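Novice: Got a structure for you, questions after.
The values are calculated or read from the model by the stated rules, or taken from the named source; none is laboratory data. None of the values given here were measured: they were computed from a predicted structure. Methodologically, a virtual Cβ is constructed for each residue, glycine included, from the backbone with ideal geometry; neighbour enumeration extends over all protein chains shown. Just the protein is used for accessible areas: all its heavy atoms, side chains included, with ligands, DNA and RNA removed. Shrake-Rupley method; radii C 1.70, N 1.55, O 1.52, S 1.80 Å.
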Amino acid sequence: MSLDPKRTIADLKELRALTSDDNGAQRVAWTDTWLKARDWFQTKIKSLPVEHHYDAAGNSWTTLKGASEKALVLGGHLDSVPNGGWLDGSLGVTASLEVLRRFAEEFNGRPPVTVRVVDWADEEGARFGRSLLGSSAFAGTSSIEADRARTDKDGIRLEDAVARCGFPIDRFPDATREQKNAAAYLELHIEQGPVLEGLGLPLGVVLGTKGVERHAVTFFGQEAHSGSTPMNARHDALAAAAKLALEIRTIAGKHQDAVSTIGSLKTFPGIVTAVVGRSEATLDQRDLDAGILATMYREAQEASRRFASEEKCTVEWSRIWSIQPIAFHPALLGFCEEAVREVAGTAHRLPSGPLHDAAEVSRAGIPTVMMFVQSLRGISHNKIEDSKEEHLEMAVQALDRLAAKAARWILD
Ligand SMILES: [Zn+2]
């Protein structure tokens, strides 16, 4: 049998039955249920002509050796958030496995290029708050000293949790060895947003992952009695923050794919009878274009100073985290577009708002591209996460076509 997309769906359902409960998928990295998912994967590759090992950071590598040592790498992540869905991450792993099966069969166990399937360790960062842990070790961008002391909600240290699974954190940097011979990386993922569903399209070509500017914005006013302080005498730190919360929507709205969110706003003293003396907001801005992102950041700062002055307050900014936008490889984007068009008729290009392991692989200098399949209702990180089975089958077909094109390109 050659490529069999229905087998991918059967694999996904098998994994769901094994690692979910009534609240959804429970494959949180470094837990027993996650290890169970990885053992299940071992049973899937048992009869294939492949070599398997875990690297120093716990990433799982399945290798079908080809005539050339140059490797086409496909992947995803079996870990999930708590109460997660059946497709986020797992689709990438199971579809990649199906493509590897096709290569193995078509070329009698020895394709022209080496084909590798990677299951990245701890993409979600659900337990310790550190996303892309395994892939950043692979890329050489990890931050061991910052990460080792992270704790979960029970006070267990990340360092101890990874060691319990057999991966001492001090050895994580050795995972960069897996970069050797990696000539291209392909990742299929659910969109996790509503764009493709809105366009009525099953598949999309991912241009890259958006850059992020994430800041704490604090307004300082003056606490005062809510009964005795006239309206024109107030230094209202909430009023300034509230104006900013609306203005960031206007700032992002000038650009097609930009997004901007104030996800948290705390007021102090936070009682019913006092004007707010201090308000602490978090701002998260994203775009695929570094110039647009820089403009949005500057405009938000300017607006915050204007609103602070209007409300007789002051404002301070401090950066929580930021990352540059990652643009995927032009040649692979072209192949991805061809593959999507061949299978689905129309190839829509869109950026990814969420970060993915593919961003880390791209940072390592390996040509990379991602493909999205439509998410129903745009919902993910939730047990109701779903995609139409016919769309999932098309996604496996398109990933296989993309893999065939990329394999030829690698040997050129
Ligand atoms: Zn994911």
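Novice: If you place +1 on the Cβ of every Lys and Arg and -1 on the Cβ of every Asp and Glu, how big does the dipole about the Cα centre of the chain come out, in debye to the nearest 20?
Specialist: Using Cβ point charges on Lys, Arg, Asp and Glu, the chain gives about 300 debye.
Novice: Round to a whole number: what % of the accessible area of segment 246-371 belongs to carbon and sulfur, probe 1.4 Å? Write down the numbers at each step before the final one.
Specialist: Working: 2950 of 5930 Å².
Its accessible area is 50 percent carbon and sulfur atoms.
Novice: For Ala56, enumerate residues with amide H under 5 Å from its amide H, sequence gap 5+ or separate chain, H modeled in the peptide plane.
Specialist: Residues meeting the criterion, in which the H sits 1.01 Å from N, are Ala175.
Novice: Less than 14 Å Cβ to Cβ from Glu337, Lys/Arg counted +1 and Asp/Glu -1: what total charge do the surrounding residues give? List each step's numbers first, then the result.
Specialist: Working: positive: Arg341, Arg349, Arg401, Lys405; negative: Glu338, Glu342.
Here the count lands on +2.
Novice: Using packing as a proxy for protection, rank 156-166, 139-149 so that the peptide with the highest average count of other Cβ atoms within 10 Å comes first. Mind dumping the intermediate values first?
Specialist: Values: 156-166: 16.6, 139-149: 14.8.
Per-residue Cβ counts within 10 Å, averaged per peptide and sorted highest first, yield 156-166, 139-149.
Novice: I would also like to ask the following. Specify the inter-centroid distance of segment 306-380 and segment 90-105, based on alpha-carbon positions, in whole Å.
Specialist: Here the two parts' Cα centres lie 24 Å apart.
Novice: Return one whole number: the accessible area per residue of the chain in Å², for a 1.4 Å probe. Walk me through the numbers on the way to the answer.
Specialist: Working: 17080 Å² over 412 residues.
Heavy-atom accessible area per residue stands at 41 Å².
Novice: Would you pull out the residues with amide H under 5 Å of Ser80's amide H, same chain only if 5 or more places away, H placed 1.01 Å from N?
Specialist: For Ser80, the qualifying residues are Arg27, Val28, Ala29.
Novice: Using alpha carbons only, how many degrees (0 to 90, rounded to 10) separate the axis of helix 330-344 from the longest principal axis of the chain?
Specialist: That helix lies at roughly 80 degrees to the long axis.
Novice: Right, something else. Leaving out ligands, DNA and RNA, what percent of the accessible area of segment 1-98 is carbon and sulfur, probe 1.4 Å? Don't skip to the answer; put the middle values down first.
Specialist: On the way: 1820 of 3470 Å².
Within segment 1-98, the accessible surface is 52 percent carbon and sulfur.
Novice: For segment 1-44, how big is Rg over Rh, using alpha carbon atoms and the Kirkwood form of Rh? Please list the in-between numbers first.
Specialist: On the way: Rg = 11.7 Å, Rh = 11.2 Å.
Rg divided by Rh gives 1.04.
Novice: Moving to a separate point now. For the pair Arg110 and Ala146, what calculated FRET efficiency results from E = 1/(1 + (r/R0)^6), where r is the Cβ-Cβ distance and R0 = 30 Å, to the nearest 0.05? Can you show the working numbers first?
Specialist: Working: r = 43 Å, r/R0 = 1.44.
It comes to 0.10.
Novice: What Kirkwood hydrodynamic radius, in Å, does the chain give when the mean of 1/r is taken over all pairs of distinct Cα atoms and then inverted? Before the final figure, lay out each step's value.
Specialist: Values: mean 1/r = 0.0440 Å⁻¹.
One over the average 1/r among Cα pairs gives 22.7 Å for the chain.
Novice: Further question: Which pairs, out of Lys13/Lys44; Lys70/Lys405; Lys210/Lys243; Lys44/Lys70, put more than 19 Å between their alpha-carbon atoms?
Specialist: Numbers: Lys13/Lys44 13 Å; Lys70/Lys405 14 Å; Lys210/Lys243 26 Å; Lys44/Lys70 24 Å.
Over 19 Å apart, Cα to Cα: Lys210/Lys243; Lys44/Lys70.
Novice: Taking θ as phi - 60°, what are the ³J(HN,Hα) couplings along segment 93-99 by the Karplus curve (6.51, -1.76, 1.60), each to the nearest whole Hz, with x for Gly and Pro?
Specialist: Those phi angles translate into 6, 6, 5, 4, 4, 5, 5 Hz.
Novice: Give the Debye-formula value of log10 I(q)/I(0) at each listed q (0.23 Å⁻¹), with one equal scatterer per alpha carbon of segment 340-412, two decimals each.
Specialist: Values returned for q = 0.23 Å⁻¹ are -1.27.
Novice: Let me ask something else about it. In vacuo Debye scattering of segment 149-264, one point per C-alpha: log10 I(q)/I(0) at q = 0.15, 0.19, 0.24 Å⁻¹?
Specialist: -1.04, -1.12, -1.28
Novice: Can I ask one more? Kirkwood Rh, segment 65-209, all Cα pairs: how many Å? If you can, show how the numbers build up before the last one.
Specialist: Values: mean 1/r = 0.0586 Å⁻¹.
Roughly 17.1 Å, rounded to one decimal.
Novice: Now for a separate question. Which residues' amide hydrogens lie under 5 Å from the amide hydrogen of Ser387, considering only partners 5 or more residues apart or on another chain, with H built in the peptide plane?
Specialist: Hits under the 5 Å cutoff: Leu376.
Novice: Hey, how many Å between the Cα centroid of segment 155-207 and the Cα centroid of segment 226-261?
Specialist: When both Cα centres are located, 36 Å separates them.
Novice: Under a crude label model (7 Å from the Cα following the beta-carbon direction), how far is Cys165 from Lys13 in nanometres?
Specialist: Distance between label points: 2.8 nm.
Novice: So how exposed is Trp86, as accessible area in Å² (1.4 Å probe, rounded to 10)?
Specialist: 20
Novice: Relative contact order (percent) for segment 1-94, with alpha-carbon contacts under 8 angstrom and 6 or more residues of separation?
Specialist: Contact order relative to length: 35 percent.
Novice: So what are the ³J(HN,Hα) numbers for segment 270-283, from phi and the Karplus equation (6.51, -1.76, 1.60; θ = phi - 60°), rounded to whole Hz, Gly and Pro as x?
Specialist: So the J values, rounded to whole Hz, are x, 10, 5, 9, 10, 5, 6, x, 8, 10, 10, 10, 10, 10.
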